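Colleague: Below: one structure in structure tokens.
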Amino acid sequence: MRNSRAGVGVVVRVRRTIAIAAVLLGVAADTAAAQLDVVGLAAAAPRGVGPRWDGSQLPFAVGERLAYSVRIAGTGAAGKGEMTVSGPVDLRGVEVLVLKSEMKAGVGPFTGADRTQSWLDVGRMAALRFVKDERRVLSRRRESVDVFPETQRWKSSDGSSGASPSSASLDELSFIYFLRTLPLTADTTFEVSRHFDAGRNPVGLRILARETITTRAGEFATVLVEMRVKDPHNYRGEGVIRIHFTDDACRLPVRIESTIPEVGKTVLTLDSATRPDGRCVTGDR
């Protein structure tokens, strides 16, 4: 069993009938390839295992819990959500962390929920399993995928399968944690192909600005990151997601905004952040 001592992270996703902002990507810099090398990222080596992460290098940790308020602009719809990290657990002989994102939002009895889980080999920053359960007012959708980094393949519980472009592929949830490990330099543009489904690549990423954001958790200096993603289920094409990460070693996702057809602008705002080691902690005021 490979040992991966590290911490964690999370994500959020917007669904058509509720506001759950999600992000899915993987990154490899075009204008900043050298910058990515600094944080230990490698271009996908054939069937290879890239440099392994040491837990002390990561901005997240086991036991981290991020609580959010969810709002859909102009509709009155609101809700709550959280992202957590737990583990480690064994999956196919690999020690992994379990990332979870749970969101619920709506108006009165008309609510929807989104529960997403990712099993992440933190040493390689590679997802081994991805499960998503979406419940809407009149429908339900479940997705369960196993990802095999060594062979660069994935297989879904519905029988579909395909090739992955990288031996360190990611899913929607694990990618947000991966973003937290990157150096975020202003006016830098990235284009990445690390989503396990080749058809969802590449993902574009741009560092836009540094701004101060105030939430129930406090006032934060942040780095605004814009992501352009291929997500036919939510966006019917390319979608734009903006994330304010704290401009510090914790890289907490303080605010996540996305506008998609038939929903409008969905905003997730950080209410509190806690973890057992006492780092990166904020309080709901």
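Colleague: When the residues of region 166-218 are narrowed to those that are among the acidic types (Asp, Glu) and in contact (Cβ under 8 Å) with a residue 24 or more places away in the chain, which ends up most open to solvent (accessible area, probe 1.4 Å)?
Modeller: Start the filter on region 166-218 by keeping residues that are among the acidic types (Asp, Glu), which leaves 171-172, 187, 191, 197, 211.
Of the ones still in play, those that are also in contact (Cβ under 8 Å) with a residue 24 or more places away in the chain are 171-172, 191, 197, 211.
On the way: Asp171: 1, Glu172: 9, Glu191: 109, Asp197: 50, Glu211: 74 Å².
By that ranking, first place goes to Glu191.
Colleague: How do the strands (runs of 3 or more DSSP E) wholly within region 175-253 filter down when requiring 3 or more residues that are under 14 Å from the mean Cα position of the chain (by Cα): which remain? I'd like the intermediate steps shown before the answer.
Modeller: Details: elements: 189-192, 203-215, 218-230, 238-246.
The qualifying strands (runs of 3 or more DSSP E) are 218-230, 238-246.
Colleague: Name the residues in region 92-107 that are over 17 Å from the mean Cα position of the chain (by Cα), surrounded by 18 or more Cβ atoms within 10 Å (Cβ to Cβ) and among the aliphatic types (A, V, I, L, M), would you?
Modeller: Passing the criteria: Val94, Ala105.
Colleague: Follow-up question, since we're still on this one. Considering only residues that are modelled with pLDDT under 95, touching a strand residue (DSSP E or B) at 6+ places or on another chain (Cβ under 9 Å) and either assigned to a loop (DSSP other than H, G, I, E, B) or crowded, with 22+ Cβ neighbours inside 10 Å (or both), which ones fall in region 127-138? Even if it seems obvious, please write down each step before you answer.
Modeller: Initially, region 127-138 is screened for residues modelled with pLDDT under 95, giving 132-138.
From what is left, the residues that are touching a strand residue (DSSP E or B) at 6+ places or on another chain (Cβ under 9 Å) are 132-137.
Once the filter is applied, which keeps residues that are modelled with pLDDT under 95, touching a strand residue (DSSP E or B) at 6+ places or on another chain (Cβ under 9 Å) and either assigned to a loop (DSSP other than H, G, I, E, B) or crowded, with 22+ Cβ neighbours inside 10 Å (or both), region 127-138 yields Glu134, Arg136, Val137.
Colleague: Taking region 176-224 as the region of interest, how many residues are of a type in the set (A, V, I, L, M, F, W, C), at pLDDT 90 or above and more than 14 Å from Arg242 (Cα to Cα)?
Modeller: 6
Colleague: Within region 75-87, which residues are modelled with pLDDT of 95 or more and either among the polar types (S, T, N, Q) or open to solvent by 60 Å² or more (accessible area, probe 1.4 Å) (or both)?
Modeller: Thr84, Ser86
The values are calculated or read from the model by the stated rules, or taken from the named source; none is laboratory data. The structure displayed is predicted, hence computed values, not measured ones. Here the Cβ is made from the backbone with ideal geometry for all residues, glycine too, and neighbour counts use every protein chain on show. Quick note on the areas: whole protein, heavy atoms, side chains included, nothing else; ligands and nucleic acids left out. Shrake-Rupley method; radii C 1.70, N 1.55, O 1.52, S 1.80 Å.
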